[in-house]
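Asker: Mind looking over this structure? Questions follow.
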Amino acid sequence: MILKETIDKEKIKELPKVFFPGEIQLIDNEIEANKAVNYLSSQSLLGIDSETRPTFSKGQSHKVALLQISTDDCCFLFRLNRIGLLPSLTKLLENTSVVKIGLSLKDDFLMLHKRAIFKQQAYVELQDYVNEFGIKDKSLQKIYAILFNKKISKTQRLSNWEADTLSEAQQQYAAIDAWACLKIYKLLQELKQTNDYELEIEPKEIPIVEEIVPEKNNNLES
């Protein structure tokens, strides 16, 4: 497999759009949340992400509205703005037997800590992990495009994550972000084990040096 250091935004626009292929479960009550966490705790690897209602006014802020946790074929969307960060969820985030994979996790955990106190354990930050393979891009969209030649749409990023009803587009977006982290990690783990990949180095641009032509001296001695 050929890996690239980086990919151009214009090339990403030309790629086919990715869709979440599994089941999406929207969780907005404690009973269903605890059932979901019980299932997720039996997994060895999970993809995670979070969404917060965007702010458009200076000084305004919101707490995390949605926590997405995904397996290969099912993504649970926990509506934290309704149920809060329950003890079962913090216990999962602290579970050392379940590895949680995400991107920009430092920011996610910082926001989640505003809802509850917990000590995150057993997680993989993809922005650091891709360095081992020579990938320089840090955004989920670019990393996914490099590895799978598909585009993750970002049109729902600034939508209202505290809306009474999350649209199908919002649910797809949220599920993809968590699921894609898991899918990226699994592929890189496979490549690491088989060593069946090569890095395509981007050619460095050689700066053009203008030739300095000495000025002609017209002041001839008489």
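None of the figures in this text is laboratory data; all of them are computed from the coordinates on show. Since the structure is predicted, the reported quantities are computational estimates derived from the model, not experimental observations. When we count neighbours, we look across all protein chains shown, and the Cβ atoms used for this are built from the backbone with ideal geometry, even at glycine.
Asker: Could you list, in their original order, any pairs among Lys119/Lys186; Lys9/Lys35; Lys11/Lys192 whose Cα atoms are separated by more than 31 Å? Write out the running numbers ahead of the final one.
Answerer: On the way: Lys119/Lys186 25 Å; Lys9/Lys35 40 Å; Lys11/Lys192 26 Å.
From Lys119/Lys186; Lys9/Lys35; Lys11/Lys192, over 31 Å: Lys9/Lys35.
Asker: When the Cα centres of region 69-128 and region 1-59 are compared, how far apart do they sit, in Å?
Answerer: So the separation of the two Cα centres works out to 12 Å.
Asker: Using the per-residue mean of other Cβ atoms lying within 10 Å as a proxy for protection, in what order, highest first, do the peptides 171-178, 91-98 fall?
Answerer: Sorting 171-178, 91-98 by mean packing, highest first, produces 171-178, 91-98.
Asker: Be a star and scan region 48-72 for residues whose amide nitrogen sits under 19 Å from the point 7 Å along the Cα-to-Cβ vector of Lys138.
Answerer: It comes to 49-50, nothing else.
Asker: If you don't mind, another one. Can you divide the C-alpha Rg of region 1-106 by 2.2 N^0.38 Å and report the result to two decimal places?
Answerer: Details: Rg = 16.5 Å, N = 106, 2.2 N^0.38 = 12.9 Å.
Scaled against compact globular proteins, the figure is 1.28.
Asker: Tell me the relative contact order for the chain as a rounded percent, counting alpha carbon contacts under 8 Å between residues six or more apart.
Answerer: Working: 350 pairs, mean separation 68.4, N = 222.
Relative contact order, the chain: 31 percent.
Asker: Also: Picking from Gln25, Gln170, Gln43, which is most flexible by a Gaussian network model of the chain using Cα springs under 10 Å?
Answerer: Taking springs between Cα atoms under 10 Å, the residue moving most is Gln43.
Asker: Over the residues of region 2-200, compute the C-alpha Rg and express it relative to 2.2 N^0.38 Å.
Answerer: Values: Rg = 16.7 Å, N = 199, 2.2 N^0.38 = 16.4 Å.
Working it through for region 2-200, the quotient is 1.01.
Asker: Using the Kirkwood radius over Cα pairs, work out the Stokes-Einstein diffusion coefficient for region 66-140 at 20 °C and 1.002 mPa s, in µm²/s as a whole number. Mind dumping the intermediate values first?
Answerer: Details: Rh = 13.5 Å.
Translational diffusion coefficient: 158 µm²/s.
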